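The values are calculated or read from the model by the stated rules, or taken from the named source; none is laboratory data. Predicted model only: the values in this text are computed from it and were never measured. Neighbour counts run over all protein chains shown; Cβ positions are idealised from the backbone, glycine included. Just so you know, the surface numbers come from the protein's heavy atoms only, side chains and all, with ligands and any DNA or RNA stripped out. Shrake-Rupley method; radii C 1.70, N 1.55, O 1.52, S 1.80 Å.
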Amino acid sequence: MKLFFFDIETRSERDVTKCGAWAYAADPSTDILCIAYKFSHWPIELWLPPSPPIYQVEQEDTFFVAHNVEFEYCVWKFILHPRYGWPEPPPPERWIDSAAVARYYGYPGALEKASLAMGIGEKDMGGKRVMMKLSRPRRTSAANPDRFWTPETKPDDFDRLYDYCKLDVRQSFRIIKKLGVLPPSEQEIWEHNFHLSIRGVPVDKDLARVVLDLKEIHVKRINAELSKLTRGEITTATQHARFAKVLKMPSVSRDVLEALKASPLWEDIPGKKRRLIELRLEAGRTSTAKFETLLQQELNGRVHGQLIVNAAATGRYAGAGLQVHNMFRTKMKLKDITNVIKTLKNKKISIEKKYVWLRENYQDIMAVFSNLIRPAICAPKGMALIPVDYAAVEARLVAWLCNDQQLLNLFRAFDAGHGVEPYCAMGKTIFGYDIDKNVHEKERFLGKQTILGCGFGMGWIKFQITCEGYGEKIEDELAEKAVNAYRKRFKKIKKAWYEIGDTVLRVIKYGVKVDLCRCTWEIIDKPVRALRITLPSGKMLHFINPTVAPGPAPWNDKQIIDKIYYYGIGKNHQWCKIETHGASLLETITQATAAELLKETLLKLQAINMPVIFHVHDEPVVCVARSKAERALAKVKHIMEHPDNCTAPIKAEGQIIKRYRKT
């Protein structure tokens with residue numbers, strides 16, 4: 001295999017961190033500063049514009065390696081090909097992403113962090129600073145009216161940039177040399193994600209523009225009211241120090257003010273101060289941030305590069321750009337959303353009248369904007385969106401992995417139409433009487449949260465907090481009763497927590513290979529030392545440098561037990577030592593198995609020419625002609641409910657819509 005490693009440094013009026021690789025590369029102001037490249041084991045060389053194309057790029061048997069290749073692909077597509085005469089960029093099947101390789105083995109995706117975690121990297125903070133300086137517009141002067149520095153005006157900085165660019169190629173080469181390329185099945189799903197990114201997600205940019213125009217009017221009104229209330233002492237909602245002075249509070253952060261508003265002290269605060277706090281909170285909401293991102297990243301009516309594969313240790317995806325995995329869940333009724341969008345997009349109504357209409361009909365305008373984020377993803381004319389979601393997939397899979405027939409049979413009977421809904425059945429176990437979901441809303445809610453949340457060792461305090469997050473406060477005694485009821489009824493799941501923990505301790509200590517919970521658990525030494533878990537699908541998870549060390553027991557800090565540790569990306573997004581245990585590892589293999597079901601569906605849909613345009617957690621979304629939507633929905637559901645490597649009872653639910661909303 002001939003490998004062509006390369007890294008491109010660019011400069012532009014646009015900020016790539018805000019507009020994304022596609023809009024950045026397509027912008028006329030974006031151009032190339034240099035390309036460092038390495039063909040197989042040859043030395044690293046440099047290409048500078050406007051030199052002729054590098055001859056290796058025209059060889060059809062060459063594979064192209066970069067770190068986060070989508071950036072290089074976009075620059076090649078929009079700049080190297082049309083401006084510098086390079087051939088069309090190769091298809092996804094001829095790319096290798098060293099970032100994807102690093103993530104597959106459990107390392108960070110960022111080049112510097114991955115290299116340092118592997119012990120093969122080196123920092124060049126000075127080079128990074130120079131790169132940032134040369135990539136951005138400079139302040140012009142009479143002596144130098146150029147918008148950007150050039151090799152003639154900053155020769156030393158450009159020499160440093162060339163070294164920095166070469167270092168990136170060197171580190172990408174080292175990653176591939178150490179870890180190799182992705183296994184064929186992983187490369188296939190990575191290529192699918194690349195194709196998905198190229199297709200893009202259709203968005204309603206006109207709606208986004210109107211929302212941002214209305215937000216500007218709304219913020220001006222808030223600022224005017226603030227100025228009037230404080231007699232000019234506060235003129236904008238962002239004046240933190242002035243707010244703190246007027247309110248006589250040491251902190252006016254959002255968290256502090258929201259906690260105060262939710263506390264019993266709220267009613268004792270004078271009306272004027274209450275109104276000031278309300279206005280600051282309202283203006284500070286991020287309801288429109290995703291609309292700003294949409295407009296910055298939109299290119300020909302679509303946004304690209306929205307998903308990252310294998311972003312978590314479980315193999316699950318993470319969002320980028322619009323962050324489709326982290327969108328406000330629509331709470332308004334469909335007819336209200338439809339009416340709002342129709343009014344906002346009516347070109348015959350002025351923006352001022354639209355704002356007045358919103359004020360007259362909705363008390364919280366920013367909340368209305370939040371409800372429009374998902375619908376801003378919109379099928380093109382004559383097309384329909386079909387989101388199809390797995391129903392309670394983790395609850396089903398944890399029962400299947402643990403072979404808990406009690407819970408599996410609940411789902412099987414309900415799916416067949418002759419059993420009680422599992423949430424109601426769990427509610428009956430907790431409360432002792434039959435639960436009718438139309439009558440006993442709280443009991444069913446508690447049964448649902450128990451089924452969905454208690455499979456991975458959740459204690460009653462965390463369970464209580466989880467329920468409160470959904471707006472349902474429950475007493476200590478009831479929370480403890482619900483958790484204990486789950487553990488008593490689904491004994492095999494509880495048993496698996498301890499079996500997995502004990503098994504992994506043995507695997508790490510003695511190097512044994514064990515089959516448990518439909519997975520294989522073992523230690524590998526190549527390409528890195530890791531705890532490797534092979535899932536039912538054949539997918540492998542990696543936990544780097546696992547160790548066993550004594551530590552205090554969670555239930556009694558005076559009791560010392562063996563604990564499991566590995567290296568990974570912690571909650572602070574840094575490479576660090578992480579503690580784990582049996583219940584957490586069960587959650588990992590459950591989520592990973594759910595991710596495998598989704599990936600299998602994605603590939604099957606692509607094979608029948610019904611490609612997914614994006615997906616949210618366990619919900620793929622396809623876009624088809626409206627006339628074919630009914631058949632497409634049935635086909636997607638059938639594929640999702642009949643996986644190849646899983647015999648768990650799987651159920652999927654979908655809908656046919658114009659604008660996206662959660663299934």
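Details
- Calculated FRET value between SER51 and LYS526, using beta carbons and R₀ = 30 Å, to 0.05: 0.15
- Computed extension gain for SER40 through LYS491, at 0.36 nm per residue and net of the alpha carbon distance, reaches 156.9 nm.
- Spin-label model, LYS637/LEU212: points 7 Å from Cα along the beta carbon direction are separated by 3.9 nm.
- Per residue, segment 85-151 exposes 46 Å² of accessible surface when a 1.4 Å probe is rolled over the protein heavy atoms with every protein chain present.
- Protein heavy-atom accessible surface, 1.4 Å probe, per residue over segment 317-423: 47 Å².
- Counting only the Cα atoms, segment 513-568 fills a convex hull of 106 Å³ per residue.
- Taking each residue as 0.36 nm, the span from ARG147 to VAL512 lengthens on full extension beyond its C-alpha to C-alpha distance by 125.2 nm.
- Per-peptide average of other Cβ atoms within 10 Å, ordering 539-546, 417-424 highest first: 539-546, 417-424
- Along principal axes, Cα extents of segment 320-387, largest first, whole Å: 33, 28, 23
- Potential extension, ASN361-HIS418 segment - 0.36 nm per residue separation minus Cα distance: 16.0 nm
- Size descriptor, Kirkwood hydrodynamic radius, that averages inverse alpha-carbon separations across the chain, Å: 28.2
- Accessible surface of the chain, 1.4 Å probe, proportion on carbon and sulfur as whole %: 51
- Listed peptides 465-475, 392-402 appear in the order 392-402, 465-475 once ranked by packing, highest mean of other Cβ atoms within 10 Å at the front.
- Whichever lysines have a C-alpha closer than 26 Å to that of LYS347, once near sequence neighbours (fewer than 8 apart) are set aside: LYS205, LYS215, LYS220, LYS290, LYS333, LYS335, LYS381, LYS658
- Evaluated over segment 26-168, the count of Lys pairs having alpha-carbon atoms less than 26 Å apart is 22 (only pairs 8 or more residues apart or interchain).
- Between GLU468 and LYS177, the C-beta separation translates, for a Förster distance of 56 Å, into a calculated FRET efficiency of about 0.65.
- Cα-projected label distance for ALA241 with GLU579, points at 7 Å along beta-carbon direction, nm: 4.3
- Cβ charges +1 (Lys, Arg) and -1 (Asp, Glu), total dipole of the chain, debye: 1760
- Scalar couplings 3J(HN,Hα) for segment 589-598, obtained by applying the Karplus form with A = 6.51, B = -1.76, C = 1.60 to θ = phi - 60°, are 6, 5, 5, 5, 5, 4, 5, 5, 4, 4 Hz; x denotes Gly and Pro.
- Cβ-Cβ FRET estimate between LYS273 and HIS195, R0 fixed at 41 Å, reported to 0.05: 0.15
- Where only DSSP H runs of four or more residues are counted, the chain gives -14500 deg cm²/dmol as its mean residue ellipticity at 222 nm, each run worth -39500 (n - 2.57).
- Taking ARG139, ARG659, ARG626, ARG174 and ordering them by how much accessible surface each has at a 1.4 Å probe, largest first, produces ARG139, ARG626, ARG174, ARG659.
- Of the Cα atoms belonging to segment 505-616, the radius of gyration and Dmax stand at 17.1, 60 Å.
- When the surface is traced with a 1.4 Å probe over the full set of protein chains, MET332 keeps roughly 40 Å² accessible.
- Overall, segment 329-434 carries a charge dipole of about 940 debye about its Cα centre when +1 sits on the Cβ of Lys and Arg and -1 on the Cβ of Asp and Glu, all other atoms neutral.
- Each 10 Å bin, from zero up to the one with the longest distance, holds this percent of the alpha carbon pairs of segment 565-610: 23, 31, 25, 17, 3.
- Proximal aspartates and glutamates to LYS428, defined as alpha-carbon separation beneath 15 angstrom and excluding residues fewer than eight positions away on the same chain: ASP436, GLU441, GLU443
- Distant-in-sequence amide contacts of TRP149, defined by a placed amide H-H separation under 5 Å and a gap of 5 or more residues or a different chain, comprise ARG138.
- Spatially close lysines, pair count over segment 458-566: Cα under 22 Å, gap of eight or more or interchain: 24
- Rounded accessible area per residue of segment 519-644, 1.4 Å, Å²: 46
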